[in-house]
Amino acid sequence: MKRSYLIFFVIFMIAVLVPIKGNSMEPISDKVRVGLFHGSLARSTYRFYSDTGFKLGCKIDNNIVETIDFSDKMLEVCTVDAKDFVSIKNNMNKNDALDYAIQLSKHGTENYLFFDGSWSVWTRGLGESKLSSSNLILVKGGSKGILLPSTTDKPIVLQNIQPEGVIAIEDRRYRGALEMMLTPEGCIQVINELGLEEYLYGVIPKEMPPNWHVQALKAQAVTARTYTLANLSKWRKQGFDIDSNTSDQVYYGFDAENPNTNIAVDETRGEIICFEGKPIEAFYHSDSGGLTEECKDVFVSDLPYLKSVEDIFYSNSPNSTWEVSLSIDEISNRVKSVANVGKVCDISIFERTPTGRVKKLIVKGSEGEIILEKNQIRNVFGLKSTFFDVLGASNNYTNTAHAVSSEGSITLVDFNNKYVITQEGLTNLWNKHISILGAENSTIIESVSNISDNMYIFRGRGYGHGVGMSQWGAKAMAENGYNYKQILLHYYKNVEILQSNL
């Protein structure tokens, strides 16, 4: 007799108007909902892994209703069409429906459970379906599977069968629960729901190197915690609280965790930065270039605690200074992403902020011109910051450099009609190589006359938007004896560090 492999499938359908009966799993307290796969990243199929098995349920009114457990170490999840299913027997309790489905499976049919307040047995491919076409989510192990409808307010919930266990999606493990829901495009959105402190375990080592000074790591932990609490409603319409990439904070889950950063989170547990008793918009960035920026000159809001401050110590970061060279053709192609000005023929700085960052940049082309503003400038040209000068192609360049005085103030120095005394005598700085001797080494400022007519050079310093805490500045302060609270109170003005009530 030919051996057949019979797979028993279960359909669990949730009726909107019918009360749900089932066992409740303990909801996660102090939760954060992190968007892992959403928008263009959402897919129609995934694989999940667990060393100990899975517990599957659905969330109704913030309570998790348990459906079925899997002992499998791997589950496949994908979308299927409801019109492929036919109802066989209705109005059963769960155990009777399971027994009936098992009996039918012995005859070689694929059987499924359907639930809408009572249980039914459905099958696939036998007779004409009375269901209209609609997407369902199939969760399938080695010997059984479940088909589930899902919406933003009724997501499917997958947890490790062990309370403290983790679940991997593709090749990355996560604490807490993974929620799945169908998108209007027919893909599956995946959200990681877990405790706030556990979320921070997976954030801090991706936002700051774990081998940095513990006081800098603690400052980062408090800043990231505050940012999270201030932005919990940012993605509410999409069904989660905060994104897992640089649009919010980089989050890599359990596999990113490091003992050093976990300690920094634990030793500042619950601490947040507050202005008038509320969590602040705790923006932070990699390197200020020596001077942070006013919030109003980067973002829309003028927040009283996000003012420009100078770094106390030189950070010696890899992005303290940088240079980007772009040809006219490259620039013309980049500018097309925002406007068609034709072939670029001139770039000039129209306005700077009081700190010296470029606020408005005019790009003129053969078919028009456009003014780029603030972070749009960075995005179009791929620059590390807006703290830069432009040299090259146009005759309307600025022969300048920023200089820091012994008191720490920053001044824009124009080399036009400036002279120095050299061994050859009085020399004009116009079109000369200029070497600036700093604390660590010297930097060459190249003459415009040595730049190709077809090139523009963007020469700048710092990395990021420049608002709030400079991570490299925090590192330098920590290495010079400052604690995390002193670091935070330097970069955020008129604030308090309080214990949250979560």
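Within region 357-394, restricting attention to residues that are of a type in the set (A, V, I, L, M, F, W, C), touching a residue at least 60 places away in the same chain (Cβ under 8 Å) and surrounded by 20 or more Cβ atoms within 10 Å (Cβ to Cβ), the residue that is nearest to T292 (Cα to Cα) is F387. A single entry from Y112, Y100 fulfils the requirement of being more than 27 Å from P184 (Cα to Cα) and in the same structural domain as I169 (by TED's automatic domain parsing): Y100.
Do you know which residues across region 361-412 are farther than 27 Å from Y284 by Cα, modelled with pLDDT of 90 or more and assigned to a strand (DSSP E or B)? Listed by number, the residues that qualify are I362, V363, K364, G365, G368, E369, I370, L391.
Scan region 157-172 for residues that are touching a Lys or Arg at 6+ places or on another chain (Cβ under 8 Å) and either in a loop (DSSP other than H, G, I, E, B) or among the aliphatic types (A, V, I, L, M) (or both) and the total you get is 7.
It is to be established whether one or more residues within region 275-292 are assigned to a strand (DSSP E or B), over 21 Å from M477 (Cα atoms) and in contact with a strand residue (DSSP E or B) (Cβ under 6 Å, 6 or more places away or on another chain). Yes: one or more hits. Residue count for region 84-116 under the criterion of being among the charged types (D, E, K, R) and part of a loop (DSSP other than H, G, I, E, B): the result is 3. The set of residues in region 198-213 that are in a loop (DSSP other than H, G, I, E, B) and either touching a residue at least 40 places away in the same chain (Cβ under 8 Å) or basic (K, R) (or both) comprises G202, V203, M208, P210, N211, W212, H213.
Residues in region 173-197 that are assigned to a strand (DSSP E or B) and either surrounded by fewer than 17 Cβ atoms within 10 Å (Cβ to Cβ) or more than 23 Å from the chain's Cα centre (by Cα) (or both): G195 alone. Regarding region 20-32, can at least one residue be identified that is at pLDDT 95 or above, surrounded by 13 or more Cβ atoms within 10 Å (Cβ to Cβ) and within 25 Å of I242 (Cα to Cα)? Checked against the condition, which is being at pLDDT 95 or above, surrounded by 13 or more Cβ atoms within 10 Å (Cβ to Cβ) and within 25 Å of I242 (Cα to Cα), region 20-32 yields at least one hit.
The set of residues in region 295-321 being of a type outside the set (V, I, T) and closer than 18 Å to I487 by Cα consists of P304, Y305, L306, K307, S308, E310, D311, F313, Y314, S315, N316, S317.
If a residue must be among the polar types (S, T, N, Q), buried (at least 24 other Cβ atoms within 10 Å of the Cβ) and touching a Phe, Trp or Tyr at 6+ places or on another chain (Cβ under 8 Å), how many such residues does region 212-227 contain? The number of residues fulfilling the criteria is 2. Residues that are in a strand (DSSP E or B), at pLDDT 95 or above and among the charged types (D, E, K, R) do not occur anywhere in region 327-350. Within region 284-310, being within 13 Å of P354 (Cβ to Cβ) and polar (S, T, N, Q) holds for T292, S308.
In the set T261, T268, T246, only one residue is assigned to a helix (DSSP H, G or I), within 22 Å of N211 (Cα to Cα) and not hydrophobic (A, V, I, L, M, F, W, C); that residue is T261. Please indicate, with yes or no, whether at least one residue in region 298-313 is part of a helix (DSSP H, G or I), at pLDDT 95 or above, over 26 Å from R33 (Cβ atoms) and of a type outside the set (D, E). No: region 298-313 contains no residue that is part of a helix (DSSP H, G or I), at pLDDT 95 or above, over 26 Å from R33 (Cβ atoms) and of a type outside the set (D, E).
The values are calculated or read from the model by the stated rules, or taken from the named source; none is laboratory data. Owing to the predicted nature of the structure, the values given are computational and were not obtained by experimental measurement. All Cβ positions, glycine included, derive from the backbone under ideal geometry; neighbour counts span all protein chains shown.
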